[in-house]
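Every read-out reported here was derived from the displayed coordinates using simple, explicitly stated rules and does not represent laboratory data. All values reported here derive from a predicted model rather than from experimental measurement. Here the Cβ positions follow ideal geometry from the backbone for every residue, glycine too, while neighbour counts run over all protein chains shown.
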Amino acid sequence: MVTGATQNPTQPTKLRWGELDEDDGEDLDFLLPPKQVIGPDENGIKKVIEYKFNDEGNKVKITTTTRVRKLANARLSKQAVERRSWPKFGDAVREDVGSRLTMVSTEEIILERPRAPGSKAEEPKAAGDSLAQLGKGGAVLMVCRTCGKKGDHWTSRCPYKDLALPAESFVDKPAVPETATAAAGSGKNTYVPPGMRAGADRSGTDMRRRNDENSVRVTNLSEDTREADLHELFRPFGAVSRVYVAIDQKTGMSRGFGFVNFVNKDDAQRAINKLNGYGYDNLILRVEWATPRTN
Amino acid sequence: MRPILMKGHERPLTFLKYNRDGDLLFSCAKDHTPTVWFADNGERLGTYRGHNGAVWSCDVSRDSMRLITGSADQTVKLWNVQTGAQLYTFNFGSPARSVDFSVGDKLAVITTDPFMELTSAIHVKRIARDPTEQTEESELVIKGPQGRINRAVWGPLNRTIISAGEDAIIRIWDSETGKLLREADKESGHKKTITSLTKSADGSHFLTGSLDKSAKLWDTRTLTLIKTYVTERPVNAVAMSPLLDHVVLGGGQDASAVTTTDHRAGKFEAKFFDKILQEEIGGVKGHFGPINALAFNPDGKSFSSGGEDGYVRLHHFDPDYFNIKI
C-alpha cells in the first residue's frame, strides 16, 4: 500500500452538508473525489484510489495496489481443466436452460453439533429429563421390558433391543400401565406426550390459569415498545409478575399488543383506570382486563 | 453451507463416486441411467444410456477415461467417460451388485447376486486396454458366501479381495487363487447385513456400514476391528474424509416406513463422527428420505450424498468445518 501526495490544506472544521449549498461556487476542495478502481489487468494488478481527510484536515490520496490471483486453477490438474471443456453428451445434450436440474439450496444447512462445542454432556438432556423425573417420582420403577433389567435403563434405550424377538413386546403389553397403553398405541417406540404418560401430573391447565390471573391486555402499542418499556410504565401501580409484548416471528416487529400481569388485582384495576386512553408514544393506549382464551 | 441439489435421477440413488482428480462426480440410481456431473458446481456433463435395470454401483479408472457400471439387468458395462459410448458389456446370469477397478485398472472385481438357482459370486475380469480386445472370460470366480455380496473391493497391491454382504461377515480372499484368507471375528463383527464398504485414501483400513445401526473400522491386512461408531438408525452408506479424521454415516429407516413417519423423525442426516474418538461431531440434514450413497471428494473439501428421494446433494464445507474441536 502506497500513501502519498498530501494536497492543499482545506477547511479544518467539520462540514455540514446543509451548509454546502450556499458557498458551492467557490471551492469544492472539501468534497472528496469518488473512489476509483482500476483493473484488474492481465497481470492481475488492481489499483484502488481513495481520498480521505487525515486528522489535521488535510486531504490524503491513498493508492492501494493489489494483485488478484485465481487460486481455483492452481489445484486443478491439466486433465481436469481439459475435462471442463468437454462437450455434453447423453441426455445432457438436449437439456434446456429451463430444466433446472442443478439448483443451489435456498436453505442454509449447517453441520449441527449434537451439543454445544466444549461441553461434554453424557446424555441428551431434553429427552432424558421428563423420563428421569418420572423415575424419581418413586411410583414407577425403571424396568426394561426387553431384557428385564431393573434400574439400569429404559426399554427404549435397551442395548439388547435388537437381539430380542419382536414378538416379546406384544406379550409384555398387558403389563404396561393402562394409561400409557391407551395413548401409546401398538409400538413400544410410539411417542407419548409427557402429559399423557403414566405418573405425569396434568398440571398444564393450571399453569395456563395462573398466567391469566390479574392479566391486563394493552393494545395499540407502538412498534418500538418493548417489554422493558411496558414494565416501566406499569411498575408504579404495583408489583408486576409478568410482562409480555407480542412479537411477529417473521419480521421481529412488535405486533402492537401485550400483556401485563399484576400480583394484586387492585393494582391491576388501578392501572386500567389510569392508563386506558393514556397517550403513549403518539398512540392512545387501550388497557383492559385480558379475557381468558375461549378454546 | 448451501448445498447444491442435483435432480437428474427419477429414482432413488444407489451409488456415488468421484474420479481421482475430484472434478467429476458419477451417480448411479435405480433409474437405469448413470450420470456424470461437474463436482464443483453440480452441472450435468452427461448420461450413460444403455442399461435396462437399476444401476447398483460404478467405478472410474484412474485416468478418468473408463467407467464401469454394474446393473440389475444382469450386465456390467464399460463406458467411455467422455462420450458416454458403450465399449463392452459383460453378461451374467444374475444382477451385478458391485464393481471395483484394481490399482492399475487392469482388473475389475464384480459381484453378482443370488438369482434363480445361481448362488452369489465374486468375478474377477481382466480389463483390456483396447476395448476391441476385451473378452468375456473371468480370471477367477469365487463362490461361498451366503446371500448378496453388497461390496467387494481390492486389497493392497491387488493381492486380496475384501468382500462383505448380507451374511454380515467380512472376508478377505486371495485374488490369485480365490482362497479364503481371513474372516472377520463373529463376536466383534456386524450383526446384520453389511450395506457399504469404503477404503481409506491410503488403503490401510476400511469402513463398513451395517443395518445393525453401526459402522466399523477395520485393518485391511489383519482384519482386526479398530473402531466402532454407533448410531440410532440403519447405516446405508459410509464415507471417510481423506483430509481429516472424520467418518460420515448415512442412513435412515427402511424405505417402506418412510411414508408413515415424519421426515424429522426419520433421521435422514449424514452423521459426522470423529474417526479416533468415535464421538459424534454433527449432522447434515436435508434429504427427504434415507441416504443411500455417500462420497467424499478426494480433496476432502466437499462431500456428496444421494438419497432415496432421488436427489444428489453436493456440500462444499464452510471454512469453520476444518477446525472443529470436540
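A compact table of results
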item	result
Over the range B:48-160 - Rg/Rh using Cα atoms and the Kirkwood inverse-distance radius	0.94
Rel. contact order, % - alpha carbon contacts under 8 angstrom, at least six apart, chain B	13 percent
Shielding of A:78-90 by partner chains, average beta-carbon count, 10 Å	6
Cα→Cβ-extended label distance, 7 Å offset, between B:LEU243 and A:ASN54, nm	4.4 nm
Rg(Cα) / (2.2 N^0.38 Å) computed for chain B, rounded to two decimals	0.92
Average other protein chain Cβ within 10 Å of Cβ, residues B:34-45	4
Convex hull per residue volume in Å³, alpha carbons only, for the range A:211-289	76 Å³
Counted charge near B:THR112, where neighbours are those whose Cβ lies closer than 11 Å (Asp, Glu -1; Lys, Arg +1)	+2
B:PHE303, B:PHE317 arranged by Cβ crowding within 10 Å, fewest neighbours leading	B:PHE317, B:PHE303
Point-to-point label distance, B:ASP63-A:LYS47, nm (Cα→Cβ direction, 7 Å offset)	4.9 nm
Length-normalised contact order for the range B:231-326 - Cα pairs under 8 Å, 6+ apart - percent	25 percent
